[in-house]
Each structure stands twice: as structure tokens, then as C-alpha cells.
Amino acid sequence: MKIVDIRATTVAVPLEAPLRHSNGAHWGRFVRTLVEVEADNGLVGLGEMGGGGESAEAAFRGLVPYLKGHDPFQLEALRFKIANPTASLYNNRTQLLAAVEFACLDLIGQHLGVPVHDLLGGRVRDAVPFASYLFFRYPGEGVEEIRTPEQLVRHARALKAEHGFTVHKLKGGVFPPDYELECYRALADALPGDRLRYDPNAVLSLAEGVRFGRAIEHLDNDYLEDPVFGLEGLRYVRDQVRVPLATNTVVVNFEQLAANVLRRGADVVLLDTTFWGGIRPCVKAAGVCETFQLGVAVHSSGELGVQLATMLHLGAVLPNLGYAADAHYHQLRDDVIMGGKLPYSGGRIAVPQGPGLGVRLDPERVARYAELYREQGGYPYDRDPGRPGWYAQVPNERFADPTISL
Ligand SMILES: [Mg+2]
């Protein structure tokens, strides 16, 4: 099998509402680049990439001369062909490599007639548990804003009733820490027996990180995710707080994983199939974590159905997956895959069983959302439409005002 072409299509798929986070917002839609890698036997492998609200089409087109004639089975060679560790200092292609790796695994699976999880050691579970992913948000068409503890609790209860979540993640770092603490406590009160996690995207000061951590020690926490920036910052908080710490920001490659093994700052490593450069590096990293008794979970950097499939195949094969996965998926109004959005059942999504990634693009949906991208364009992920001119500092001291309703 040989690669003959790579096509990339940028789509904008509506979210229920604009989602706020510590760096800015998702402005009411996800902009994602869909990748189709065509082989000489007529098979097409699928990949997907985010990119902070921007299209990555041109970057994928630039890979065609590198990969024309490449055998999709040669996954280790692929890494060195387009993203060797020193060349990458000049042309960081980790996220591009990830999308091409997804597509090559999809091609291999289709060629052999087996699902991707069978190429990764075989599944140890048939469905992957997910956490609800709770955001402060601006109002959207037919949905209310989420700003107050009451609105947040109402939203969490509705998601639990609809999808069966028993784990809830609050994306914070938007409002002052004391206000978000009040929101987190309201969730704990409203959802007894469920587990919680809080992620302010590393914008708290060390003092606030410790204060927040100590204030939630008695609650049913999975972990405190990136309360502060940096492995040294996490170590400082970890030394003083009796809640496990997790990160998806400062352990995203093997060098950083080694540093965290030698001197632990994070107890749980959140594996992102894009940030790590593919599904296979995540499986390798999970093996290192198993050896050194670090926890692992599946991270979400935003996804449509193709990326979600990579998260499901990853979650399926990790014996040491100790936590529910994250996904923005339930915030989407639609998907680009045949049949539309994959359903949750009991807080879980079934692992695709078809050949390869087990999902196929729906040409009609892709055309509709490519058109929406042409109409609306990208968006600046690191800006907040409700706070013109504002940008985040780390640690942040200019939080949004929770008394202001848009
Ligand atoms: Mg995070």
C-alpha cells in the first residue's frame, strides 16, 4: 500500500453556545481540519486536527511531497520523515503527524479488515466512560448562559440526565478563584456520589492553587488539573495539597514524562492523541505511566467524530485507564461522520468495531460545514468575544467579572 494523495478540508461545526476558558473562548463553533489520506488501493484513511480556531489545510498540502509513495504501515519511519525531534525545532509538525498517523492506522485497519484497537494490542473494554465537561458559557441559540452556580448546577443535572455522566469536570480559570470555588462546591452539593475535577488551565498563582486545593480536599475529587503552570509549580502545590494533580499542559512528550517520573509534579498524565503526535505515542506513554504508577486518562483538545474515534480506540486498549475520559463532544450540535454524533449510554461511548477507525465521513455534512467555514471563517481561540482587548496572563490576575451578564 502506498500513499498517493492527501486532501484537507476545513469545517466549522456549531457548538450549543460559545464556551469560555482561561485563555479566551470557543466562539460558538469548532473549526477543524479533516484529512483524507488516499492510498493506491483506493482506500481512504481519515485524520483530524484542531488548531486554535484556524484552518490547517495549507500545512497538510505541504506534506504531499514528503509522503507520496509512503507505505502507511511504516509508522515509525513516518515520524522521522516529517517530525524528527531536531528538525521539529524549526517546523513543529507534531499535530500534523498526529492527524496523518490517525489516517495511516485507519488505512491499515481497513486494509486488514480489523479495528484500530486490534492494531494497538486489543481492547480491554467495549465502551469508554466520559466525564461531563462543564464550561462557563455565553448564551447560544435556545440555551441559556452559564455564569452562576445555579445555572451551572442546572446544566450539570441536565447533562447527567441526558447522557448518564457520573464524573463532572469544571473548566475554570475564567472568574476569580473564590467564585469558581463556590461553583465547584455547588456541583459537589448537587451531585452527591459523583466525582469531580477542576481545570483552570494553569492560570492560578501558586498561593491560589494551594488555597483552592486545600479547600476541596474533603470533596470527591478525581484530581486537580493544571491548577498552576509548570512542573515546578505543580510540585509546589502537590507538596501542600492532598488531592492528586493532573496535567495535559506540561507532560505532553517523553522528555517531560521522564522529568515527571524522576521528580513527580503530576500524579495523572492526560493523554491527548493530537498533542502527543498520534495514538501510538499515547499507548507508549501509558506503558511508562503504568511502570511508574502514574495515573492516565484521555484528554480532549476538542474533537469531531474522527478525533473522537482516536480517543475511543486509545481508551479501549489502556489497562491502566483509571479515570473517565474528557470530551467536548456533547457540546456539539452535529458531527461530520455518517449517522451523526455517536451516542452516549450510561456516560459511555461504545468503541467503534468496524475496520480502521470505524467511522466514515458523511459527504453531505462535510459539504455543509465546509460551507459554514467559508461563510464564518476561523476564530481566535485565545480571545474572548465578550472581553475585547483582553488576553490572559499566567498567573492571571485579570479575571472576568461574574456579575456581568452578556
Ligand atoms: Mg486541561
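Nothing in this text is a laboratory measurement; each read-out follows from the coordinates by a stated rule. This one's a predicted model, so the numbers in the text were calculated from it and none came from an experiment. Methodologically, a virtual Cβ is constructed for each residue, glycine included, from the backbone with ideal geometry; neighbour enumeration extends over all protein chains shown.
Table for the structure above
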quantity	calculated
Rel. contact order, % - alpha carbon contacts under 8 angstrom, at least six apart, the chain	24
Rg(Cα) / (2.2 N^0.38 Å) computed for the range 269-333, rounded to two decimals	1.05
Dimensions in Å of the range 119-350 - Rg and Dmax from alpha carbons	17.0, 50
Spin-label pair residue 240/residue 371, simplified geometry with 7 Å Cα→Cβ offset, distance in nm	5.6
Neighbour-count order for 300, 405, fewest beta carbons within 10 angstrom listed first	405, 300
The range 119-350 - percent relative contact order, Cα under 8 Å, separation 6 or more	23
Non-local Lys pairs in the chain, i.e. 8 or more apart or on different chains, that have alpha carbons under 28 Å apart	13
Euclidean distance between Cα centres, the range 282-327 to the range 56-106, Å	22
Amide H partners (placed H, <5 Å) of residue 222, local residues excluded	196, 197
Cβ-based exposure ranking for 112, 206, 332, in which fewest neighbours within 10 Å come first	112, 206, 332
